[in-house]
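What follows is a single structure, written as structure tokens, with notes after it.
Since every read-out is calculated from the coordinates, none of them should be taken as a lab result. The structure presented is a predicted model; accordingly, all values stated were derived computationally and were not measured. In this analysis, Cβ positions are derived from the backbone assuming ideal geometry, glycine residues included, and neighbour counts consider all displayed protein chains.
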């Protein structure tokens, strides 16, 4: 009979124990993956053997791979456990703050993570501590009890075997759409929420699935030559020489009109200047893809017209580039850092002649008392022999907002709000009040100017107002994405297009009225429509899609057709959408001029 000392050095015992420990890592990850839905979601995973299998297999295989590769049981357990549980915890916190899970492409934002998370309060509950304790105890146990050191030949065979199995599993299991549709827990989730669809499948499985960038995936039926012919058939039109008005676009951080919610008791007319501007502008709502963060999604959808913007680390066709080709000087300013979201690289790839950040100016500030004057300064310094296209985005009103104290000005009446929620909301509205007044003053600057100017102003996403929508919930605002109204409450932001008298005269348009609700990838189309410009072939194709499907929500996978939310488009709208996807892929993946 084997003694305890013998068992410690027995290969089969080590492998069996590591499989057991790897399963434990997977279960701890599932517990964290349930996120804000807690243990009911965790228990629901076990109603689907596929969910359990697809989440447990990767940590088990990774544990065995590291064991064979290093010959050390404790390393085989510790490294995968640390990696899997750390990623699971990050996703756990990200859902709290931004209502979105961790995906593979977030690796690009590791350097920004500390800045992004600064100031947010994180719910470090018992699940986080349990996962940490499990990882620590498991590592010590593996170090003390699993002492077998396999021979080099055995290690090589084992490692190669695990790698081959992993590659086959990824190709046949983890990228299989049919399996994805079946593999979900029994917890009732919203059909409109990609976050809930993700969480319903655990963490490890959907995270692996996210490795495949949807923006880089070939659309069904794509053929390069065919897509090129279809795009060419639309034809490119230039902007008429006599109509090349100056365009100034402003995207405002976390800018949302909360006065639409009648449960907020305003003490100050925070949005008065905005509503006055809307009365003399073309205006509507954007249905954006992000909440409380992810500014770059709205930004790049607007600048490119892509439903799936991508990373743009090389030059790419865009609307910015169209303006440049049309003879416009293209520039802009962000009252933030150029490294954030790789803007310093990406903006030049989009076709900007010049783009500026805080580090480019001495004495610069992140706040709107610096932002709006700087945009005007750049405008006045422009080459007046050329038409001008400017896109700038602010930083003021970026969350989080202090929950401990607030200003003496009561922008709202406290009512039944908790002290923390009142402070958060009042602090947010203090910044919004300042932004709104400055935006109105900015537009006033151009009223009497002789040169034609059109201003496009819009918000990037709704504000963070407490973890898990805490302030929204206290106000009785529906943020349950199981309902269509809850989804719109989370993802709507205002937009407006204003023109001075000189621009209205040149373009023959009054730029007023209800401009409609649509995805941010169609906002530039709405500007061209207001200016009576046809645009290039890509914009014409996008116009056709917009006429059938004004909302393409990449965050949820739903569409809006004929005023109704749907996951399944009609045959006609579906054909237009699939045709556009092929055109979009072609235009995105062929060299910009």
Report summary line: The alpha-carbon center of region 125-193 and that of region 360-384 are separated, in whole Å, by 51
**Report entry** Inter-centroid distance (Cα atoms) of region 215-262 relative to region 403-444, Å
**Finding:** 34
Requested in this report: Of the DSSP beta bridges with both residues in the chain, give the percent that are antiparallel, rounding to the nearest 5.
Outcome: 45
Report task. Would you compute, from DSSP H runs of 4+ residues alone, the mean residue ellipticity of the chain at 222 nm, taking -39500 (n - 2.57) per run and dividing by the full residue count, rounded to the nearest 500? Result -> -15000 deg cm²/dmol
Requested in this report: Answer with a single label: of (i) 98, 63, 50; (ii) 75, 61, 49; (iii) 116, 52, 37, which was calculated as Cα extents along the principal axes in Å from the structure in view?
Outcome: (i)
Requested in this report: Arrange the peptides 357-366, 438-447, 262-271 so that the one whose residues have, on average, the most other Cβ atoms within 10 Å appears first.
Outcome: 438-447, 262-271, 357-366
Query raised in the report: What order do you get for 303, 65 when you list them from fewest to most C-beta neighbours inside 10 Å?
Result: 65, 303
Requested in this report: Please label the shape of region 441-593 as rounded, prolate or oblate, based on the square roots a ≥ b ≥ c of the eigenvalues of the alpha-carbon gyration tensor (a/c under 1.5 means rounded; beyond that, a/b larger than b/c means prolate, else oblate).
Outcome: oblate
Report summary line: By the mean-Cβ-within-10 Å protection proxy, highest first, 328-336, 570-578 rank as 328-336, 570-578
Query raised in the report: So what does log10 I(q)/I(0) come out to for region 208-333 at q = 0.12, 0.23 Å⁻¹, using the Debye formula with one equal point on every Cα and no solvent?
Result: -0.74, -1.54
Query raised in the report: Is region 513-593 rounded, prolate or oblate when judged by the Cα gyration tensor, a ≥ b ≥ c being the square roots of its eigenvalues, rounded requiring a/c under 1.5 and prolate requiring a/b larger than b/c?
Result: oblate
Report summary line: Using alpha-carbon positions, the gyration tensor of region 131-279 gives root eigenvalues a ≥ b ≥ c; with a/c under 1.5 called rounded, otherwise prolate if a/b exceeds b/c, else oblate, the class is oblate
Report summary line: By the mean-Cβ-within-10 Å protection proxy, highest first, 511-517, 580-586, 166-172 rank as 580-586, 511-517, 166-172
Query raised in the report: Which values, in whole Å and largest first, are the semi-axes of the equivalent ellipsoid of region 4-212 obtained as the square root of 5 times each eigenvalue of the Cα gyration tensor?
Result: 30, 20, 16
Requested in this report: Post the alpha-carbon centroid distance, region 25-68 to region 532-548, in whole angstrom.
Outcome: 45
